[in-house]
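S.K.: Encoded as structure tokens, here's the structure I'll be asking about.
The values are calculated or read from the model by the stated rules, or taken from the named source; none is laboratory data. Keep in mind it's a predicted model, so treat the numbers as computed, not measured. Cβ sites come from the backbone with ideal geometry, for glycine too, and all protein chains shown count toward neighbours. The protein model used for the area step is the full one, side chains on, heavy atoms only, and it has no ligands, DNA or RNA in it. Shrake-Rupley method; radii C 1.70, N 1.55, O 1.52, S 1.80 Å.
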Amino acid sequence: MIDDKAATHQNLRKILARPLDSETAPATTEAPFFDETPSDRAAFQIDSAYQGREALERVVQALAENKPYAMAFVDTHMLHGWNCVQTIERLWQVDPTLQVALCSLPSDPPWGTLARHLGADDRLLILKKPLNNIEVRQAASVLTAKWQMTKEAALEPSDLEALVEERIHALAEANIIVRNSPVILYRLRGVPSFPLIYISHDIATFGHDRAALLASPVWANELVAPEDQAKVDAALARILEQDAEGASIEFRLRTGDGACRWVENRYVPVRDNDGRLIEVEGIIIDITGRKTAEEKIARLAGTDALTGLANRASFIAQVRQAFAAAQHGAMPFAILFVALDDFTLINDRLGHPVGNLLLREVAERLRHAAQESDLVARVSGDTFAVLQGEMIEPANAAALAAKLQAALAAPCLLDGNDVRISASIGIRAYVPGDRGADVMLMQTDLALRRAKHEGGNRYHFHSDELDQAARDRVALADELSGAIDRGEFELRYQPEVELSSGNILGMEALARWHHPTRGLIAPGVFIPIAERDGTMAALGRWVLDQACRQMRVWRDEGVAPLMIAINLTQFELTGAQTFVRDVAEAVAKWRLAASDLEFDVTEATLARLSWARSDILPQLHELGAKIAIDDFGSSYASFEYVKAYRVNHLKIARSLIHRSTRDPESAATIRAIVTLAHSLGIGVIAQGVETEQQRALLAATNRATSAQGFRFSEAVGADRASELLRQGHIAPSATSGSEG
Ligand code: C2E
């Protein structure tokens, strides 16, 4: 039912949504024109649409779900949106079989006028208001029955196929029938090369010479389009199996002029009494028309007519697919519903044409703001949706929401009107263990309502905790970019100590962020944000410069360690084009040698790098800087990188050191690493040494092993680091750190 008045929907439901009973059943004398079949007694299923566009969406969705509507009651007096003629025209564009009962007023233009607009059409029945219960019911019954008949008529080709299949068995005798058949019949000998032993003359309609085909040992190559060859080969291979039955495949058949037509190929194996394959018999039917229509429907069914975006049905289908993929390990995703605040007001004030312009503009802006891997859709009148395809963490979804809001906030000039809009956004981010795509969609809707309820122009996650965490991340990311200029970063230094002597060999530079309100923030929090938000380039340069400056200070004081270690991220190794030049410049600026610097790269980062993508490490090596593999043994303990990057140090992972005193296998791994490294002339630094047992275990491996950890010193400020360097060595204090 398509009508903008709720009362009409209620009345119609009363009449149609329950089985015919004595109250509504026509007395036999009152129903002379229609035979009431038993199915008339069934209740109809009725859906309501209050505007033409909504109806179109429903019809499209029903088609997509393969549950098309039989008929629609359309009111001639809809005050909003498309008028009845526009509505019917668009419905028929997507579903030509839809039957329509037009509910008109006696004062409406006569039938002829309407017919001119719509074309005299046998899919249309005009009812005059006030509607009579019986008339309504009969219109529904008769149009549904007519729709059913139309469908059945459309099924004719498959009846024909059944007929032709029967004919196949009489093939040898009935050549005459074959020649008149509208489809192509064929027989193959049942041996693996499947020689073609018969093909009907109609193959000429595809531009092929029958005799040449029959003589060709590679007939399949001539008939089947190369793209579908594998499919056809596989079908033929299957038919050789003992219990294979008849089947059907669709493929593109090459025509004589080099074009292609879609065909359906139905075939059956013919076996002897022992089950041996003797022949394969089949028919080929041209289905190009059907395919084109299917493609068109799929295209229409998936697209929102006004904006050209994906529509609700195809959005839901994509979310379901993303869900299934995420469950199988694909990248997690997020769903965002974006509803325009006060769209109805704008629509009412400026009129529908401007409203439509606005919706198109919004669609364009959202499409622009989203990434290529995101799907943007219009899911109802003023609500859009984005399926964020690549969401590493919920903060990415929050960042996208903020970006969409910013995109919509810019003023729109529409038909001379300066229109300002804002949007409320509901977000649901996939987390492992989620129950299903539909639940996620529902929860996105709840989140959207919450955003609206809280006053609009904001985004809201489905869960409060996620909401807070994601907001914090986004806020930190915003603040991070200015933090360097505001002088909120500090470098701390952690000594690297030779185990046998306690001498300080090096200092590792470790960044800290003194946040004005949150206090000290650890690098584990801000480095990943900086990497994702592009602040890493500036932060990395700042660390490099500060570390070099500090080394200069120590050198001037005559206390400089052998080297200062600087951590690198994947960004510096792949994304920072000028990194090697930055290093050379910093070294020159602070009058150091490149060999004063050591660059630490984690084993995990190296594993993510492909050879082709980073020549930064070899270039740093070339410059004279040292290279260390950080967190060595945390996952791979592979010596492959050691050779490949001409590494100077291995820094054994803290996790391995921690396990070493409890787990003999970890202790053995450490001994093996130390032995192998020393035999290759590579230094070893044990990370995170906290206890005397750990220190003693390491000291026993090799006299040259170095260590870093709270057992000696935590990362300290520049002044304290200078003091330690003046001291020159750190003796592990007798009181600290025994495990228990
Ligand atoms: P990392 O390079 O492995 O640095 C060692 C980390 O272990 C430091 O944490 C240090 O404070 C901590 N640590 C040292 N000794 C002990 C110990 O005995 N026990 C325990 N439990 N921890 C110890 P921090 O400073 O939080 O740094 C964490 C990571 O952040 C670093 O790991 C490094 O990968 C990264 N990072 C720190 N500063 C920078 C920087 O300036 N640039 C880059 N790219 N990454 C940095």
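S.K.: Starting from the residue with the highest accessible area, list Glu454, Glu488, Glu245 in decreasing order, probe 1.4 Å.
M.R.: Glu245, Glu454, Glu488
S.K.: Among all the lysines, which ones have a C-alpha under 18 Å from Lys14's C-alpha, if same-chain residues fewer than 8 places away are not counted?
M.R.: Answer for Lys14, where 18 Å is the Cα cut-off: Lys5, Lys129, listed by chain and number.
S.K.: Using the Karplus curve 6.51 cos²θ - 1.76 cosθ + 1.60 with θ = phi - 60°, what ³J(HN,Hα) values do you get for each residue of segment 365-377, in whole Hz, with x for Gly and Pro?
M.R.: Taking θ as phi minus 60°, the curve returns 5, 5, 4, 5, 6, 7, 7, 5, 7, 9, 10, 9, 9 Hz for segment 365-377.
S.K.: Next question. Ratio to report: Rg/Rh of segment 521-628, with Cα atoms as the point set and Rh obtained by the Kirkwood method; give two decimals.
M.R.: Values: Rg = 13.8 Å, Rh = 14.3 Å.
My calculation of the ratio gives 0.96.
S.K.: On to the next question. Report the accessible area of Lys5, computed with a 1.4 Å probe over the heavy atoms of all protein chains in place, in Å² rounded to the nearest 10.
M.R.: Result for Lys5: roughly 80 Å² accessible.
S.K.: Which value results when the Cα radius of gyration for segment 438-563 is divided by 2.2 N^0.38 Å?
M.R.: Expressed relative to 2.2 N^0.38 Å, the Cα Rg reads 1.55.
S.K.: Using +1 on the beta carbon of Lys and Arg, -1 on that of Asp and Glu, and nothing else charged, what's the dipole of segment 390-459 about the Cα centre, debye to 20?
M.R.: My answer is approximately 220 debye.
S.K.: Would you mind estimating how fast the chain diffuses translationally, via Stokes-Einstein at 4 °C and 1.567 mPa s with the Kirkwood radius over Cα pairs, in µm²/s? Spell out each step's value before the answer.
M.R.: Numbers: Rh = 33.3 Å.
This corresponds to a translational diffusion coefficient of 39 µm²/s.
S.K.: Quick one: what does P(r) look like for segment 277-328 with 10 Å bins over all Cα pairs, in whole %?
M.R.: 21, 27, 24, 17, 10, 2
S.K.: Choose one of Ala326, His9, Phe194: the residue whose Cα lies farthest towards the positive end of the charge dipole of the chain (beta-carbon charges +1 Lys, Arg; -1 Asp, Glu; about the Cα centre).
M.R.: Final value for the positive-end residue is Ala326.
S.K.: How would His514, His658, His9 line up by accessible area, probe 1.4 Å, largest first?
M.R.: His514, His658, His9
S.K.: Anything over 27 Å Cα to Cα? Flag those among Lys589/Lys651; Lys67/Lys128; Lys67/Lys403; Lys67/Lys291, in the order listed.
M.R.: Lys589/Lys651; Lys67/Lys128; Lys67/Lys403
S.K.: In whole Å, what are the extents of segment 479-546 along the principal axes defined by its C-alpha atoms, from largest to smallest?
M.R.: Cα extents, longest axis first: 44, 24, 19 Å.
S.K.: Which of the listed residues, Met78, Leu617, Gln550, is farthest toward the dipole's positive end in the chain, when Lys, Arg count +1 and Asp, Glu count -1 at the beta-carbon?
M.R.: With unit charges placed on the Cβ atoms, the residue in question is Gln550.
S.K.: Please sort by residue number the GluC sites (Glu not before Pro) in segment 345-430 whose DSSP state is loop and whose Cβ has at most 14 other Cβ atoms within 10 Å.
M.R.: Glu372, Glu390
S.K.: If you count only protein heavy atoms and use a 1.4 Å probe, how large is the accessible surface of His80, to the nearest 10 Å²?
M.R.: Surface accessible to solvent at His80 totals approximately 80 Å².
S.K.: State the antiparallel share, in %, of DSSP beta bridges confined to the chain, rounding to the nearest 5.
M.R.: Antiparallel bridges: around 65 percent, rounded to the nearest 5.
S.K.: Using a 1.4 angstrom probe, figure out how much accessible area segment 531-690 has per residue, in square angstrom, rounded to the nearest whole.
M.R.: On a per-residue basis, segment 531-690 sits at 43 Å².
S.K.: Continuing with this model, one more query. Restricting to DSSP loop positions (anything but H, G, I, E, B) with no more than 10 other Cβ atoms inside 10 Å of their own Cβ, which GluC sites (Glu not before Pro) remain in segment 654-715? Numbers along the way, then the final one.
M.R.: Details: sites: Glu665, Glu690, Glu692, Glu714; in loops: Glu690, Glu714.
The qualifying sites: there are none.
S.K.: Here's something else I'd like to know. For Ala475 and Asn83, calculate 0.36 nm times their separation in residues minus their Cα-Cα distance, and state this gained length in nm to one decimal.
M.R.: That works out to 136.3 nm of additional length.
S.K.: Across segment 344-355, in residue order, what do the Karplus-derived ³J(HN,Hα) couplings come to in whole Hz, using 6.51 cos²θ - 1.76 cosθ + 1.60 with θ = phi - 60° and x for Gly and Pro?
M.R.: Per residue, the Karplus-derived 3J(HN,Hα) values read 4, 4, 4, 4, 5, 6, 9, x, 5, x, 5, x Hz.
S.K.: Moving on to the next point. Ignoring ligands, DNA and RNA, how do His201, His515 rank by accessible area with a 1.4 Å probe, largest first?
M.R.: If we order His201, His515 from most to least accessible, we get His201, His515.
S.K.: Heads up, I need the accessible area for Arg581: 1.4 angstrom probe, whole protein in place, Å², nearest 10.
M.R.: Using a 1.4 Å probe on the heavy atoms, I get roughly 140 Å².
S.K.: Oh, and also: Give me the accessible area per residue for segment 193-245, probe 1.4 Å, as a whole number in Å².
M.R.: So segment 193-245 comes to 53 Å² accessible per residue, rounded to a whole number.
S.K.: Over the chain, with every protein chain in place, what whole percent of the accessible area is carbon and sulfur at 1.4 Å, could you tell me?
M.R.: In the chain, the share of accessible area belonging to carbon and sulfur is 53 percent.
S.K.: If you don't mind, another one. Rg(Cα) of segment 303-456 divided by 2.2 N^0.38 Å?
M.R.: Numbers: Rg = 15.3 Å, N = 154, 2.2 N^0.38 = 14.9 Å.
Computed over Cα atoms of segment 303-456, the ratio equals 1.02.
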